[in-house]
Amino acid sequence: MSLLAISLIAFVALEHFYFMILEMFLWTTKKGIKTFGLKSKKFAEETKVLAANQGLYNGFLAAGLVFSIIIDDKKIAIFFLICVTIAGIYGSYSTKQIKLFLVQGVPAIIALLFCFI
């Protein structure tokens, strides 16, 4: 893989580690509530188990991307980047927030393109 592709994959992985931290550990804090536009602290408390589960999946996506860099396997990188892209599309569709796709899906698509160059 090219250095640029590796850098873009690493960026997507870092994003997903950050999402994991926000969802698993910061969901009920001011930062988490503001980041995700939650309606109240009470709502955040009621949904924190669901958010932690979601965060765990983001951690798995990040780990898969890091693994693809470590073993220098373009096929694994492509698989996980496609997973991230689909998650971005579905997340944006289900929450009706295009910003989610811009933050999650677009970087993954750009990294995917550079995997094929």
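Can you find even one residue in segment 31-42 that is polar (S, T, N, Q) and assigned to a helix (DSSP H, G or I)? Yes, segment 31-42 has at least one match.
Hey, can you tell me all the residues within segment 99-117 that are surrounded by 17 or more Cβ atoms within 10 Å (Cβ to Cβ), free of Cβ contacts under 8 Å to residues at least 40 places away in the same chain and over 13 Å from the mean Cα position of the chain (by Cα)? Matches in segment 99-117: Leu112 only. Across segment 86-99, the qualifying residues are those that are in contact with a Phe, Trp or Tyr (Cβ under 9 Å, 6 or more places away or on another chain) and not small (Gly, Ala, Ser), and the one among them that is farthest from Met1 (Cα to Cα) is Tyr93. For segment 75-98, a residue qualifies if it is surrounded by 16 or more Cβ atoms within 10 Å (Cβ to Cβ) and not β-branched (Val, Ile, Thr), and the qualifying residues are Ala77, Phe80, Leu81, Cys83, Ala87, Gly88, Gly91, Ser92.
The selection criterion, being assigned to a helix (DSSP H, G or I) and more than 17 Å from the chain's Cα centre (by Cα), does not hold for Glu15. As a summary of the residue check, Leu50 satisfies the conditions (1) within 17 Å of the chain's Cα centre (by Cα); (2) closer than 29 Å to Ala5 by Cα except for the one numbered (2).
Each residue in segment 25-53 was checked for being in contact (Cβ under 8 Å) with a residue 12 or more places away in the chain and within 16 Å of Ala87 (Cβ to Cβ), and 2 of them qualify. Among the residues of segment 68-85, those that are among the hydrophobic types (A, V, I, L, M, F, W, C) and either touching a residue at least 12 places away in the same chain (Cβ under 8 Å) or over 19 Å from Ser2 (Cβ atoms) (or both) comprise Ile69, Ile76, Ala77, Ile78, Phe79, Phe80, Leu81, Ile82, Cys83, Val84.
Give the residue that is farthest from Ala13 (Cα to Cα), with candidates limited to residues of segment 56-74 that are of a type in the set (A, V, I, L, M, F, W, C) and either at pLDDT below 95 or surrounded by 15 or more Cβ atoms within 10 Å (Cβ to Cβ) (or both). Filtering segment 56-74 for residues that are of a type in the set (A, V, I, L, M, F, W, C) and either at pLDDT below 95 or surrounded by 15 or more Cβ atoms within 10 Å (Cβ to Cβ) (or both), the one farthest from Ala13 (Cα to Cα) comes out as Ile69.
Note on segment 23-47: residues that are within 18 Å of Gln97 (Cβ to Cβ), within 18 Å of the chain's Cα centre (by Cα) and not basic (Lys, Arg) total 7.
Quick check on Ser40: is it among the small types (Gly, Ala, Ser) and loosely packed, with under 13 Cβ neighbours inside 10 Å? Break it down into steps so the answer makes sense when it comes.
Values: among the small types (Gly, Ala, Ser): yes; loosely packed, with under 13 Cβ neighbours inside 10 Å: yes.
For Ser40, the condition - among the small types (Gly, Ala, Ser) and loosely packed, with under 13 Cβ neighbours inside 10 Å - is met.
Could you give every pair whose Cβ atoms fall below 6 Å, whose first residue belongs to segment 1-22 and is more than 12 Å from Leu112 (Cα to Cα) and in contact (Cβ under 8 Å) with a residue 12 or more places away in the chain, and whose second residue is among the hydroxyl-bearing types (Ser, Thr, Tyr) and assigned to a helix (DSSP H, G or I), counting only separations of at least 6 or pairs across chains? Matching pairs, first to second residue: Leu22/Thr35.
The values are calculated or read from the model by the stated rules, or taken from the named source; none is laboratory data. The model shown is predicted, which means the values in this text are computed figures rather than measured ones. As a convention, Cβ positions derive from the backbone with ideal geometry for all residues, glycine included, and neighbour counts pool all protein chains shown.
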